[in-house]
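*Asks:* This is the structure, below, for whatever I ask next.
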Amino acid sequence: MARNTNFTLNFQKRLGSFNLTVDCVLSQKVTAFLGASGSGKTTLLNCISGTLTPDKGQILFGNETLYDSNSRINIAPEKRGIGYVFQEGHLFPHLTVKQNIRYGQPKTVQRNGNNISQILDILEISDLLERYPKQLSGGQRQRVAVARAINMQPNILLMDEPLASLDRGLKNRIIPYLYNIKQTFDIPILYVTHAISEVMALADEAYIISDGKIAFKGEPHELLTTPSTLPIANITGVENILSLPIANSDKEKGVTALEIGTQRLMIPYIEPNIENNTNKEVPIAIRAEDIIISLEDNLPISARNILKGTIDSVENQTLVSIRVEQHLMTVKITPDACKQLQLCEGKQVYCVIKANAVNLLWSDP
């Protein structure tokens, strides 16, 4: 974690029938908590920020105690030195962008504008200073919210699904800004999300939180190589998560070929960012409903990928597991299609996948 400071979370909080139990020590600069709605992500952040009081336990930042039930210590939220970026930004509508960013900043910052200028440059919002929130796009509002939180010079930055309200295009444009914030400022970040793509792009350490408990801890890439990807699928809605090496990239044709055993999976072109891009693994995700099953491989269609595989199992005539080389692909179909194609265990089939249906989970911003 930035400033060589560990963040110790060991507490419990009950809300009605829901119980959050956390016991971990965070040591990386950006820690992501990945979980579905209702898993306890926001409750976790609210306990850390002090806006919600745990029932018992400890919250320590380095040697500083923010909360300790035994010692009856509970530092007020405004004294914890925490910056908070919410899903909707929560900008003050009656203040300009400049006034929003300066709201709550320390007096030392008011005397020295260098830090503000750096924030404005990184987030590319210098030309928005005189506008009001209603004059901004969703992506611009989120960048202003991030600028406001960082300008407070917090000890810790909490981010509660900051990209959840944005469409995919905006998310892809905002992630590089967040990555630059991570690289530039010496602030530990706790980032909660239900999108594995954000975890892969930003986090140094990842936790899966499910039903108020930590179900997994590891480096982001380990999310792709766990024995069972079902918990990830339940969280992200993406059933097929693979990490495949690059065979080659062709800028002129606009495609990159990934190795899936002896076969090739074509995806939209990836700009090489190292001298030898071959064999670099790329994490990808494909939704089960974006794969079509065919009994033939010689199809006059526009889809770039027709991968040969063997059916491993068929569940309820709607969920087909197909082994493509050493990888298992999950495909969703209708019962009628299952009957028409006479799908059964051991049958050879072909997975038809459009290149644009392959979602890149991470690339260097």
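The values are calculated or read from the model by the stated rules, or taken from the named source; none is laboratory data. Source: prediction; values computed, not measured. Cβ placement follows ideal geometry from the backbone for every residue including glycine, while neighbour counts extend to all protein chains displayed. These area figures cover heavy atoms from the full protein model, side chains too; ligands, DNA and RNA do not enter into them. Shrake-Rupley method; radii C 1.70, N 1.55, O 1.52, S 1.80 Å.
*Asks:* Mind listing whichever residues of the range 325-343 are in a strand (DSSP E or B) and open to solvent by 60 Å² or more (accessible area, probe 1.4 Å)?
*Replies:* LEU328, LYS332
*Asks:* Just to be sure, is GLU239 in contact (Cβ under 8 Å) with a residue 60 or more places away in the chain, of a type in the set (D, E, K, R) and in contact with a helix residue (DSSP H, G or I) (Cβ under 6 Å, 6 or more places away or on another chain)?
*Replies:* Criteria met by GLU239.
*Asks:* Additional query: Please go through the range 131-146 and pick out each residue that is hydrophobic (A, V, I, L, M, F, W, C) and surrounded by fewer than 20 Cβ atoms within 10 Å (Cβ to Cβ).
*Replies:* Once the filter is applied, which keeps residues that are hydrophobic (A, V, I, L, M, F, W, C) and surrounded by fewer than 20 Cβ atoms within 10 Å (Cβ to Cβ), the range 131-146 yields only LEU136.
*Asks:* Name the residues in the range 203-226 that are outside any loop (DSSP other than H, G, I, E, B), open to solvent by less than 70 Å² (accessible area, probe 1.4 Å) and modelled with pLDDT of 90 or more, would you?
*Replies:* Residues satisfying the conditions are GLU205, ALA206, TYR207, ILE208, ILE209, ILE214.
*Asks:* If you check PRO300 against the conditions, is it touching a residue at least 12 places away in the same chain (Cβ under 8 Å) and either in contact with a Ser or Thr (Cβ under 7 Å, 6 or more places away or on another chain) or more than 24 Å from ASN248 (Cβ to Cβ) (or both)?
*Replies:* no
*Asks:* Take the range 291-305 and flag every residue that is in a strand (DSSP E or B) and open to solvent by less than 50 Å² (accessible area, probe 1.4 Å).
*Replies:* Listed by number, the residues that qualify are ILE291, ILE293, SER294, ASN305.
*Asks:* How many residues does the range 147-202 hold that are in a loop (DSSP other than H, G, I, E, B) and open to solvent by less than 10 Å² (accessible area, probe 1.4 Å)?
*Replies:* 4
*Asks:* Sticking with this one: Looking at ILE260, ILE284, ILE322, which one is without any contact (Cβ under 8 Å) to a residue 40 or more places away in the chain and surrounded by 18 or more Cβ atoms within 10 Å (Cβ to Cβ)?
*Replies:* ILE322
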